[in-house]
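Coordinate-derived values only; no laboratory data. Remember, predicted model here, so these are calculated numbers, not experimental data.
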Amino acid sequence: MPEWQNEVRSATITRRKTTPILLFATAAEGSSSSEENQDDAATTTTSKTSKSMGDPVRAATGIRPSLHPTTINAIADALKARSKSSDNEESSPKMVFRVSDTVQPLDVAVTAGTIAAAAISKRQEQSKDDDMTLTTVEERTIAGRVVGVIMRLDELERQLYQKASSVRWIADYGEWDSFGVLEQENNDKANNDDDAVNRRIREDPLFCMNRAECLLGLFLNEVEIPQLQLKNETVPDESKIDFLDADRMEVLIESTAVKS
């Protein structure tokens with residue numbers, strides 16, 4: 001696993017009408033003890049006895065909704081926000097995505113935490129009447145992934161392009177869009193020119209979503225899973241990468257799945 005330099009381990013942010021919460025830089029750091037999981041389960045069970053709403057089949061089986069849609073949407077929101085901030089330096093509130101002489105890692109972490117908190121708040125609001133609100137551990141898992149991806153955007157995007165460009169059929173059949181990548185993107189980045197990819201992210205929602213999915217897949221495979229294995233810990237969904245189709249799994253994940 002590559003060594004990530006200048007990484008902020010955590011950032012404290014404030015969610016609307018709540019006390020400050022701590023968003024961790026990786027989902028591995030956001031995992032918690034079995035006691036916390038039991039507390040969340042007890043709370044959910046109590047809630048179910050007082051409500052008749054929601055999906056009774058899902059509730060009866062104990063199957064939890066996937067965490068990936070909320071995470072992917074948040075990463076897509078980050079990509080769109082970054083594409084807009086590059087055009088509007090005076091945008092408010094100011095969001096920063098790259099460390100520089102004037103931008104500290106903490107500033108990027110705060111941006112990432114703000115995006116993660118907004119996504120979680122939206123998900124909780126949508127789920128409050130169906131008995132499927134996120135548990136504390138699920139919130140931390142989503143937050144850790146969103147912050148982790150945003151803190152590593154440049155490196156993950158480089159990996160994404162390298163993997164896509166190394167497979168001949170992607171260029172032969174013009175499948176760059178499936179990975180949310182432009183064919184000339186590497187040359188543009190070498191010249192510090194993000195205009196083309198930012199414009200595509202703004203104008204093409206499917207392109208943006210595909211890119212977000214691929215970045216999350218890379219993060220889980222390259223960062224979260226190895227760190228969890230190292231610490232002998234787990235997260236609610238066991239870091240399953242079940243949101244990529246077979247072709248993208250083969251290009252992004254399976255080629256590096258077997259590790260010593």
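A few notes on this one:
- Over the C-alpha trace of region 156-233, radius of gyration and Dmax come out as 14.1, 42 angstrom.
- Normalised by the number of residues in region 198-260, the mean separation of alpha-carbon contacts (under 8 Å, six or more apart) gives a relative contact order of 37 percent.
- Look at where the Cα atoms of region 98-151 and of region 173-241 average out, and the two centres are 17 Å apart.
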